Amino acid sequence: MTGTDNDIGEERSSIVSTQEHVYFHSEDSAAEFAARIGPAVGMVVIRGGRGETFLSRPLPDGGAVGGELRANELSDPGEPSFLDVFPLVLDLGITIGDRGRQLAEARALFTEFAGVSPVPVALVRGYDFLLGAADSAKKLVWFPENVTPYAEDRERWLPFQPDTRG
């Protein structure tokens with residue numbers, strides 16, 4: 001979180017994020033899924049020196065939007081979350097602008113992902129607020145402000161969480 005974010009999340013987690021996060025309900029590896037989803041939204045796949053997988057595309061006025069696509073390692077069975085069922089997460093940022101611009105770019109890119117993703121996808125601001133979700137049928141829902149992906153807002157997000165039963 002930054003000084004412009006709501007500090008509610010500090011009670012839940014000591015994790016700080018100045019990025020938005022796009023979650024994908026895919027069992028593919030990060031590299032396999034990046035090769036499928038990246039080109040569909042005009043992003044290039046970049047392999048890091050330690051095997052990381054990055055997605056990036058230029059912004060119209062310079063700079064780039066993108067980040068690392070990786071395994072979602074924040075799942076905690078003791079504290080159920082909307083995000084627990086999403087195996088992959090894209091840590092999304094921009095190289096120019098400010099937090100407001102980054103959020104606008106994240107929403108725009110997420111809308112594109114929702115339109116092409118073969119799997120359910122979700123957008124979270126920092127780690128604190130669930131902004132949107134789309135299912136495999138490309139049905140996109142935007143959540144009202146201040147809905148968290150955590151247990152206290154379970155009634156609001158549960159109908160939109162992907163079903164993980166066999």
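The values are calculated or read from the model by the stated rules, or taken from the named source; none is laboratory data. Remember, predicted model here, so these are calculated numbers, not experimental data. Note that each Cβ is placed from the backbone with ideal geometry, even for glycine, and that neighbours are counted across all protein chains shown. Please note that ligands, DNA and RNA were not included when accessible areas were found on the heavy atoms of the full protein model with its side chains. Shrake-Rupley method; radii C 1.70, N 1.55, O 1.52, S 1.80 Å.
Observations on the model:
- When the helices of the chain are scored as -39500 (n - 2.57) per DSSP H run of n ≥ 4 and the total is divided over every residue, the value at 222 nm lands at -5500 deg cm²/dmol.
- Annotation: extensible slack from Glu152 through Thr18 equals 46.0 nm (criterion: 0.36 nm per residue apart, minus Cα-Cα distance).
- Charges were assigned to the Cβ only: +1 to each Lys and Arg, -1 to each Asp and Glu. The resulting dipole of the chain about its Cα centre is roughly 620 debye.
- For the range 30-166: rounded, prolate or oblate by the Cα gyration tensor [a/c cutoff 1.5]: prolate
- Cα-based shape type of the range 68-148, given that a ≥ b ≥ c are square roots of the gyration tensor eigenvalues and the cut on a/c is 1.5: rounded
- In range of the label at Leu59: residues from the range 108-127 whose backbone nitrogen is under 13 Å from the point 7 Å along Cα→Cβ: 108-109
- Carbon/sulfur fraction of accessible area - the chain, other protein chains in place, 1.4 Å, %: 51
- Relative contact order of the range 101-166, defined on C-alpha pairs under 8 angstrom at six or more residues apart (%): 23
- Among the GluC sites (Glu not before Pro) within the range 77-165, those in coil by DSSP and having at most 11 neighbouring Cβ atoms inside 10 Å are Glu145.
- Taking the chain as a Gaussian network of alpha-carbon nodes connected by springs under 10 Å, the highest mean-square fluctuation of the residues Leu123, Leu92, Leu103 belongs to Leu103.
- Normalised contact order of the range 15-166, rounded percent, pairs of Cα under 8 Å and 6 or more residues apart: 26
- Here the range 28-66 is scanned for amide nitrogen atoms under 17 Å from the site 7 Å beyond the Cα of Thr95 along Cα-to-Cβ, giving 42-49, 53-66.
- Amide H contacts for Gly126 (H built 1.01 Å from N in the peptide plane; partners 5 or more residues away or on another chain; cut-off under 5 Å): Gln19, Glu20, His21.
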